[in-house]
1. Using only the alpha-carbon atoms of region 310-463, report the extent along each of the three principal axes, biggest first, to the nearest angstrom.
2. What aspartates and glutamates could a cross-link reach from residue 166, if we take a straight Cα to Cα line under 15 Å and drop same-chain neighbours fewer than 8 places away?
3. Any chance you could check the Cα centroid distance between region 182-234 and region 347-365 for me, in angstrom?
4. Based on the alpha carbon coordinates of the chain, what radius of gyration and maximum Cα-Cα distance (Dmax) apply, in Å?
5. Could you work out the Rg to Rh ratio of region 91-245, with Rh taken as the Kirkwood radius (inverse of the mean 1/r over all Cα pairs)?
6. What FRET efficiency, computed as 1/(1 + (r/R0)^6) with R0 = 60 Å and r the Cβ-Cβ distance, is obtained for residue 207 and residue 339, rounded to the nearest 0.05?
7. Can you give the relative contact order of region 341-447 as a percent, counting alpha carbon pairs under 8 Å and 6+ residues apart?
8. By per-residue mean of other Cβ atoms within 10 Å, what is the highest-first order of 300-311, 353-364?
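The values are calculated or read from the model by the stated rules, or taken from the named source; none is laboratory data. Source: prediction; values computed, not measured. Counting neighbours? That spans all protein chains shown, and the Cβs are built from the backbone with ideal geometry, glycine included. Please note that ligands, DNA and RNA were not included when accessible areas were found on the heavy atoms of the full protein model with its side chains. Shrake-Rupley method; radii C 1.70, N 1.55, O 1.52, S 1.80 Å.
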Amino acid sequence: MKKFSNILKISVIPFLKKISPVYYLVILAIIGIGTFNAITGVMPQIQQSRYEKGIVKSFDKWWAEEGAEKFKSVGLEPTEKIRSEEFEQFRDRALALKPSYIVEDRIETMKQEFRQWWEIQGGKEDFIRENNCYPGEADYQRELSKWIDNYTEKFVRYNMAFIPQKGHYERLLTSWMLFPSVWSFAIFAVFFIFTLAQLERRWHWYIFWGITAALAICSGILVDILTGTSFFDHYSSERYMGMSLTLAFLLGASSFAPRKELVSRATPAICFIGLVLDMGANWFANPGIFGAVTVLSPLMFAGGAFSGIKIETRRKSKRELKLEALEERARRIANRNPLAEMKAKTRTMIESGISSAKGGSPEQAARLLTQAMVQLLQEHPIDADLVVSLADRMSMHYVEISSNQWLEWGEIAKAKNAPKAAVKLLKKGLSLEKDRNFARRALFILGETCIRNKIELEDGKKRLQKVIEMNGNDILAKQAQKILESIPAPQDQS
């Protein structure tokens, strides 16, 4: 649970904060459309499934209580084959008593019933009496269509869908909300969000939503035109619904832009995959009229690609520019090297201090160069050559630094294993020190540093000997004597 919470804090929550409010509205709308399609499309199948399960339970109860005994009473063994035959008859009788909840199955039954009424039960004669002419096949199909329409008009998936043959163009305002299959809806939900993310950065909102709304309504007209041709005319009596053609156009527009940098390298491939998936769903999973939709999809994709190239991109809002600036600053902070920045700042400070000294501003020069020296001694490792150079330049430009400060810097350099810099700084402090005790301690530290690191060895010996001469009885003198005694004697070269 804690790990999941950390993932939310690190990745999911910052991502959600970046999302524009319009995405939440679109996601809610898609969820609403999906729920509506599930209720209107799947609920009848659920109801039919429940009814058929009830048939099975009723038969099982009848067979256990009465059915098997009836066969035994007449001398027949109630085998599994007999049970299956009885169940089929029982099921057929039960289904005949109650029409199917699934509209498509009910329509198939109604076609059989209408044919029987037309041919056997006097339907054809009724038509002759009413119209004074013998009916042909077209008359039969027209009467059948009227009879079925009286039934299907009660269901939203029929009275909201657009059927080219009937020409109810007002239904184009609602047919886009219906989807012919779960596959079509899933593909639309994923790739519509993707195209929205691509195009809302390039187009004004009214261009994107205006094109989407226009295509959602007008796509049915293109299907109507295509089903009016001889090759697709047998699809004209079927229902058109969904937003496949709209999605194909938006995928094409997302793939191309006036400038290459506006489209990532992966975007065209993703859009092409979305187009292929949607065409595959229309061709293999959806009813016949969606074969015509499959043919139109590449044309709509090409139209979208042309629009993507021609429609000028919008200017970014102040909010977007501010957000981009904040993101760029965050990237710079994440990628920068604080140590390198501090080193660069220290060296810039040195040059500013020297410039101030040359320009006749000794106080400002002292402040800048003192701070620069402190920062140099805080680096790891210490740039000993730069410390020595800075010390010399400070003396050259007469920057006043107290003896205590020089000595303190020298001890810091010694502690941080920069003996060359320590010797230089200690000598600077010693040359200014007036207090006998402080000078004696500085002599000891300087001599020790020289001898331990073999820097100016003879000078180091003299410093330690001077410490002993100034006072040969304290601990400092004993330490100095011990260091001098540890120096190996020079070898005889003879």
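1. 87, 36, 23
2. Qualifying aspartates and glutamates at Cα under 15 Å: 143, 149, 153, 224, 233, 238.
3. 69 Å
4. My reading of the Cα-based Rg and Dmax gives 46.4, 150 Å.
5. Working: Rg = 20.4 Å, Rh = 18.6 Å.
Taking Rg over the Kirkwood Rh, I get 1.10.
6. Working: r = 49 Å, r/R0 = 0.82.
Result of the calculation: an efficiency of 0.75.
7. RCO, region 341-447: 21 percent.
8. On the way: 300-311: 18.7, 353-364: 15.1.
Those peptides, ordered most packed to least, come out 300-311, 353-364.
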